[in-house]
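Peer 1: Just passing along the structure, written as structure tokens.
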Amino acid sequence: MSESSPSTSQLDVRTYRKPAAWNAFLEENDGPVYGSWEWGDAVETYGHDRYYLAVEADGEIVGALPLVHIESFVFGSKLVSPPYAARGSVVVDEAASSAVTSLLVDHARSLADELAVDFVSLRGKDLDDIDPFEKRTRFVTHRVDLSGGTERVWENVQESRRRQIEQAADDPTLEYTVGRSLSELREYYDLHLQSMRGHGTPAHSFEFFRTLWELTEAGPGDVHLGMIRRNGSPINAILDLSLGGTTYQWGVVNDYEYRELNGGSWLLWKSLERAAEAGYETYEMGRTREGSGVYMFKKSFGGSKTWYDDYHYFPDGDASLPDPEDDKYEPVKRVWKKLPLPVTRTVGPFVRKDISL
């Protein structure tokens, strides 16, 4: 503990209810956008309860832990930080002592026992040893350093990928656009429905996306919607969320009928270019499995491989964690891929809301 750090007796842990102060703390301490108050607002559209825990010293936040309780008859009960994304967990002031992290984690454990959840997941950050939480590393991301500017970022992209980007940019049938209206967000959502059905995965609700869209007006960060259009219609789209010095790739959707046009490569480059020009320091490419096709695609853009360290607490002993690649889900995925889009639009959010990944 540093000389300026308060003692444990001076620290107070409580559920926090001041959005502006919460967001300001996250922004100042490299907290992930998925811990922002607006992300919690979007999650609450599904009826889940949030527990945004904060440690205060002398009236100021020195540590934060955003938690959401998801209770499902099918998928069980869990406390997650964050739901629907890869990086949340504990955020602390750099001058704070380790006692701040310990207080937040202990409070999360007590809350888990009180709610009788199956497990707690704190995602994406190395917390060292925090017994009885156990560390599991399943997912990886690539983080692109933007501090050298767009020319340096371009130089680090693999040559074969640069050729694909240039090929797409020279295609007269393709156009890159930036979505700035609710109608363009609806276009994105239509492609989201199509893309998720192709994966055999339930889609989020439009209300969830619309709530995130309001980050541009109410939140401390920003939302960027990029699209590649073919003859006017979107075939690739990306939703980036930014906070502090980092831009996070979150919602990538594609019409795979046009994969050979390399619109996805051009689109990701434009997102990197935009983030660098906007002054962000890092572009984080989201969660993937090491060695997968998506992993290799992201790797080609020159980022550094970074593991997401997840911590789990099981009140009743070990329990199975959700795994979308489990073979037991394959029959359900095959059925989902055959459903009409209007059905997936209506039914999908009722299923998706309870899947915390």
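Peer 1: Of the conditions (1) farther than 25 Å from Thr201 by Cβ; (2) of a type outside the set (Val, Ile, Thr); (3) in a loop (DSSP other than H, G, I, E, B), Leu321 clears all except one; give me its number.
Peer 2: Of the numbered conditions (1) farther than 25 Å from Thr201 by Cβ; (2) of a type outside the set (Val, Ile, Thr); (3) in a loop (DSSP other than H, G, I, E, B), the odd one out for Leu321 is (1).
Peer 1: On the basis of being in contact with an Asp or Glu (Cβ under 9 Å, 6 or more places away or on another chain) and assigned to a helix (DSSP H, G or I), does Thr177 make the cut?
Peer 2: On the way: in contact with an Asp or Glu (Cβ under 9 Å, 6 or more places away or on another chain): yes; assigned to a helix (DSSP H, G or I): no.
When the stated conditions are applied, Thr177 does not pass them.
Peer 1: Here is a further query. Do you know which of the residues in segment 134-179 that are surrounded by fewer than 20 Cβ atoms within 10 Å (Cβ to Cβ) and of a type in the set (Ser, Thr, Tyr) is farthest from His312 (Cα to Cα)?
Peer 2: The selected residue is Thr173.
Peer 1: Another question about this same structure. List every residue pair whose Cβ atoms lie under 9 Å apart, where the two residues are 6 or more positions apart in sequence or sit on different chains, the first residue falls within segment 141-162 and is part of a loop (DSSP other than H, G, I, E, B), and the second residue, located anywhere, is basic (Lys, Arg).
Peer 2: Here the result reads Leu146/Arg152; Gln158/Lys299, each pair linking segment 141-162 to a residue that is basic (Lys, Arg).
Peer 1: What are the pairs, 6+ residues apart or on separate chains, where a residue within segment 277-303 that is in contact (Cβ under 8 Å) with a residue 60 or more places away in the chain has its Cβ under 6 Å from a residue that is in a loop (DSSP other than H, G, I, E, B) and open to solvent by 60 Å² or more (accessible area, probe 1.4 Å)?
Peer 2: Taking only residues 6 or more apart or on different chains, the pairs are Glu281/Ser147; Ser300/Gln158.
Peer 1: Checking the condition of a type in the set (A, V, I, L, M, F, W, C), without any contact (Cβ under 8 Å) to a residue 60 or more places away in the chain and more than 23 Å from Thr282 (Cα to Cα), which residue from Leu185, Leu193 passes? Steps first, please.
Peer 2: Values: Leu193 fails: without any contact (Cβ under 8 Å) to a residue 60 or more places away in the chain.
Criteria check complete, one pass: Leu185.
Peer 1: Take the residues of segment 324-336 that are of a type in the set (D, E, K, R) and assigned to a loop (DSSP other than H, G, I, E, B): which is most open to solvent (accessible area, probe 1.4 Å)? Talk me through it step by step, then tell me what you get.
Peer 2: First, pick out the residues of segment 324-336 that are of a type in the set (D, E, K, R): 325-328, 330, 333-334.
Still in the running and assigned to a loop (DSSP other than H, G, I, E, B): 325-326.
Working: Glu325: 112, Asp326: 59 Å².
The qualifying residue most open to solvent (accessible area, probe 1.4 Å) is Glu325.
One line per residue, one yes/no per condition, for (1) closer than 18 Å to Ala108 by Cβ; (2) modelled with pLDDT under 95; (3) assigned to a loop (DSSP other than H, G, I, E, B):
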{"site": "Val43", "(1), (2), (3)": "yes, no, no"}
{"site": "Tyr46", "(1), (2), (3)": "no, no, yes"}
{"site": "Tyr51", "(1), (2), (3)": "yes, no, no"}
{"site": "Glu56", "(1), (2), (3)": "yes, yes, no"}
{"site": "Val62", "(1), (2), (3)": "yes, no, no"}
{"site": "Val68", "(1), (2), (3)": "yes, no, no"}
{"site": "Val74", "(1), (2), (3)": "no, yes, yes"}
{"site": "Tyr84", "(1), (2), (3)": "no, no, yes"}
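Peer 1: I would also like to ask the following. Could you grab me the full set of residues in segment 338-356 that are within 28 Å of Val80 (Cα to Cα) and open to solvent by 70 Å² or more (accessible area, probe 1.4 Å)? Working first, answer last.
Peer 2: Taking segment 338-356 and keeping what is within 28 Å of Val80 (Cα to Cα), we get 344-356.
Within segment 338-356, Arg345, Thr346, Phe350 qualify.
Peer 1: Conditions: (1) more than 20 Å from the chain's Cα centre (by Cα); (2) part of a helix (DSSP H, G or I); (3) within 25 Å of Gly264 (Cβ to Cβ); (4) not small (Gly, Ala, Ser). Leu339 meets all but one. Number of the miss?
Peer 2: It is condition (2) that Leu339 fails.
Peer 1: If Val117 passes every condition in (1) touching a residue at least 12 places away in the same chain (Cβ under 8 Å); (2) in a helix (DSSP H, G or I) but one, which one does it miss?
Peer 2: Tallying (1) touching a residue at least 12 places away in the same chain (Cβ under 8 Å); (2) in a helix (DSSP H, G or I), Val117 fails exactly one: (2).
Peer 1: Restricting to segment 87-118, give me the number of residues that are within 19 Å of Asp323 (Cα to Cα) and open to solvent by less than 10 Å² (accessible area, probe 1.4 Å). Can you show your working first?
Peer 2: Let us first name the residues in segment 87-118 that are within 19 Å of Asp323 (Cα to Cα), namely 87-88, 117-118.
Now drop any that are not open to solvent by less than 10 Å² (accessible area, probe 1.4 Å), which leaves 88, 117.
The number of residues fulfilling the criteria is 2.
Peer 1: Looking at Lys270, is it over 25 Å from Lys78 (Cβ atoms), part of a helix (DSSP H, G or I), open to solvent by 20 Å² or more (accessible area, probe 1.4 Å) and of a type in the set (Lys, Arg)?
Peer 2: Numbers: over 25 Å from Lys78 (Cβ atoms): yes; part of a helix (DSSP H, G or I): yes; open to solvent by 20 Å² or more (accessible area, probe 1.4 Å): yes; of a type in the set (Lys, Arg): yes.
When the stated conditions are applied, Lys270 passes them.
Peer 1: Being of a type in the set (D, E, K, R), part of a loop (DSSP other than H, G, I, E, B), more than 12 Å from Arg14 (Cα to Cα) and in contact (Cβ under 8 Å) with a residue 24 or more places away in the chain: is that true of Arg109 here?
Peer 2: Details: of a type in the set (D, E, K, R): yes; part of a loop (DSSP other than H, G, I, E, B): no; more than 12 Å from Arg14 (Cα to Cα): yes; in contact (Cβ under 8 Å) with a residue 24 or more places away in the chain: yes.
So Arg109 does not fit the description; no.
Peer 1: Given the criterion under 18 Å from Tyr308 (Cβ atoms) and among the aromatic types (Phe, Trp, Tyr), identify the matching residue among Trp213, Trp250.
Peer 2: Exactly one of Trp213, Trp250 is under 18 Å from Tyr308 (Cβ atoms) and among the aromatic types (Phe, Trp, Tyr), namely Trp250.
Peer 1: I would also like to ask the following. Give the residues of segment 281-313 that are assigned to a strand (DSSP E or B), closer than 22 Å to Ser160 by Cα and either of a type in the set (S, T, N, Q) or open to solvent by 50 Å² or more (accessible area, probe 1.4 Å) (or both), sorted by residue number. Walk me through how you get there before you give the answer.
Peer 2: From segment 281-313, those assigned to a strand (DSSP E or B) are 282-284, 288, 304-313; that's our starting set.
Remaining after also requiring closer than 22 Å to Ser160 by Cα: 283-284, 288, 304-305.
Scanning segment 281-313 gives Thr288, Ser304, Lys305.
Peer 1: Just one of the numbered conditions (1) in contact (Cβ under 8 Å) with a residue 60 or more places away in the chain; (2) more than 21 Å from Ile235 (Cβ to Cβ) is not true of Glu273; which one?
Peer 2: Of (1) in contact (Cβ under 8 Å) with a residue 60 or more places away in the chain; (2) more than 21 Å from Ile235 (Cβ to Cβ), only one is false for Glu273: (2).
Peer 1: Of all residues in segment 208-266 being surrounded by fewer than 22 Cβ atoms within 10 Å (Cβ to Cβ), hydroxyl-bearing (Ser, Thr, Tyr) and not in a strand (DSSP E or B), which is modelled with the lowest pLDDT?
Peer 2: Restricting to residues being surrounded by fewer than 22 Cβ atoms within 10 Å (Cβ to Cβ), hydroxyl-bearing (Ser, Thr, Tyr) and not in a strand (DSSP E or B), the top hit is Thr216.
The values are calculated or read from the model by the stated rules, or taken from the named source; none is laboratory data. Quick caveat, the model's predicted, so the values are computed rather than measured. Here Cβ is always computed from backbone atoms with ideal geometry, including for glycine, and neighbour counts include all displayed protein chains. These area figures cover heavy atoms from the full protein model, side chains too; ligands, DNA and RNA do not enter into them. Shrake-Rupley method; radii C 1.70, N 1.55, O 1.52, S 1.80 Å.
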